[in-house]
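The values are calculated or read from the model by the stated rules, or taken from the named source; none is laboratory data. Source: prediction; values computed, not measured. Counting neighbours? That spans all protein chains shown, and the Cβs are built from the backbone with ideal geometry, glycine included.
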Amino acid sequence: MGRLFWKFFVIFSAALLVVAIAVGATVWLHRPQPEPRYASLAGGPQADLALDVAATALEAGGPDLLRELLRKIQEQRRAQVYVVDERGMELLGRTVPAAPLEQATTAAQEGQQRVAREVVSGDRKYLLFVPREQMRLLPPPPLRGLSPYALVAFGVLASLACSALLAWYLAKPIKNLRWALAAVSAGNLDTRIGPRMGRRRDEIADLGRDFDHMAQQLQSLVGAQRRLLHDVSHELRSPIARLEAAVGLARQQPEHLDDWLARIEREGARLDALVGELLTLSRLESGIGVQADDYVDLHDLVGEIADDAQFEAAASGRRVAFTSAGEIIVRARAELLRRAVENVIRNAVKYAPAGTVVDVELAAPDHSRRARLTVSDRGPGIPDSDLGAVFEPFFRGAGTDSRSGYGLGLAIARRAVEAHGGSIRAVNREGGGLRVAIELPADGLAPA
């Protein structure tokens, strides 16, 4: 489960918890209260204090002092203490409620001093108590008067607030994604959504990063296609121009017709080779026809290519030296892999000075499950700034003859090697020259 799930879970859980607390508090505050034994009498600290004051005044000053005290309390509308003598007469002549009087008499007989008291003053006995409806020292607790509907409304509002927050949290990045998709569909391939995601760390942020990667890849591919189209048009323009020139000269100088026809034939062959290499490169980039369905022994394949290259290199005073660790089996498309290795070796032979050796080495370092092929020459090498571009289509280093090739050989080699799950890179050798290293996953190695 991802981070977005846990965010949903926590937010909804918090909303439900708030609602549960509100409903629980409502039920608890409005639960039925058990009927106390002396329901009509006020009890507790406030009633106890009022009874203490009245009893003290009666004992110290008699009925007259207590009468004055009760009048003042009555004027201030505080707790009303009732004082009833043995004849049932109330000290201030007030009408005494029957239920509180009956309960006070019982409580006094049982010694319940907190709700009723008997005080003797002179030759009379007085009963002191506070009816519950006359208890006005403090207002009732505010929560007791809170409507249950208000608490439920609070829980609902809390749920709505959490839901609105969650909706905003989800809608904002989705709106940004829609904006980015519209921008890319309009051709703005430099659109990036990462800065708009902020510090999010969830699946939507991952989606934004994936979108940025996709946009970057699209921008690179479209740029590469545009450059390739430009380079192809440039490469085709030269042989076509030479063909047109040859046709024009053939018409003007019919006596040299055979020479001009030979020239036209050579230019046609160059055009055919260029188109063939372009088709090969296109198939490799689209993944057509690169299924690795053969088991190939690299020792035999590279050895045959090295022998052919040595036969051609000997005519120009060069030599190809091949060394191998033995049988190395790879799963590959034999024709495509042969084309890649041949392009690398022939490229090295082409730029190697006369009298030098092109070293071709095949090994499996540390008996790993990968085979390594290195092709090293003592040619002019490549500037370090161009090492990354040497495998791009139509790349030619400084001082390269434009008629020596189209700059597609190493590009085809890289696409073919990568299609087989391998890698290829070029580095300059110490003392001059270039070394190209190819690594391929191997299915079987010769015993050590």
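What about Pro97, is it more than 11 Å from Leu127 (Cβ to Cβ) and at pLDDT below 85?
So Pro97 fits the description; yes.
What are the residue pairs meeting all of these: first residue in the range 429-448, first residue at positive phi, second residue part of a loop (DSSP other than H, G, I, E, B) and at pLDDT below 90, Cβ atoms under 7 Å, and 6 or more apart or on different chains?
Note: pairs meeting the criteria are Gly432/Gly381; Gly433/Gly379; Gly433/Gly381.
Under 8 Å between Cβ atoms, which residue pairs at least 6 apart in sequence (or on different chains) link something in the range 339-350 that is assigned by TED's automatic domain parsing to the domain that holds Gln310 with a partner that is assigned to a helix (DSSP H, G or I) and of a type in the set (S, T, N, Q)?
From residues that are assigned by TED's automatic domain parsing to the domain that holds Gln310, the pairs are Arg339/Thr280.
Mind checking whether some residue in the range 3-22 is more than 60 Å from the chain's Cα centre (by Cα), of a type in the set (Gly, Ala, Ser) and modelled with pLDDT of 70 or more?
Taking the range 3-22 as the starting set, the residues that turn out to be more than 60 Å from the chain's Cα centre (by Cα) are none.
No.
For the range 277-311, which residues satisfy the criterion of being among the small types (Gly, Ala, Ser), out of contact with any Gly (no Cβ under 9 Å at 6 or more places or on another chain) and either within 18 Å of Pro441 (Cβ to Cβ) or at pLDDT 75 or above (or both)?
Result: Gly287, Gly303, Ala306, Ala309.
Return the residues of the range 306-342 that are buried (at least 22 other Cβ atoms within 10 Å of the Cβ) and closer than 17 Å to Ser376 by Cα; say none if nothing qualifies. So that I can check it myself, show each step before the final result.
Start the filter on the range 306-342 by keeping residues that are buried (at least 22 other Cβ atoms within 10 Å of the Cβ), which leaves 306, 309, 313, 318, 320, 328, 330, 332, 336-337, 340-341.
Scanning the range 306-342 gives Ala306, Ala309, Ala313, Arg318, Val320, Ala340, Val341.
Does the range 78-89 contain any residue that is in the same structural domain as Ala108 (by TED's automatic domain parsing) and modelled with pLDDT under 75?
Yes, the range 78-89 has at least one match.
Criterion first (surrounded by fewer than 16 Cβ atoms within 10 Å (Cβ to Cβ), assigned to a loop (DSSP other than H, G, I, E, B) and of a type in the set (Asp, Glu)) does Glu102 satisfy it?
No.
Among the residues of the range 205-231, write down those that are surrounded by 15 or more Cβ atoms within 10 Å (Cβ to Cβ) and modelled with pLDDT under 80.
Listed by number, the residues that qualify are Leu228, Asp231.
Starting from the range 257-273, keep only residues that are closer than 16 Å to Leu408 by Cα, then list their pairs with residues that are assigned to a helix (DSSP H, G or I) whose Cβ atoms are within a distance under 6 Å, requiring at least 6 positions of separation or different chains.
Close Cβ pairs satisfying both conditions: Arg270/Pro239; Leu271/Pro239.
Does Trp168 qualify as being in a helix (DSSP H, G or I), loosely packed, with under 12 Cβ neighbours inside 10 Å and at pLDDT 70 or above?
Yes, satisfied.
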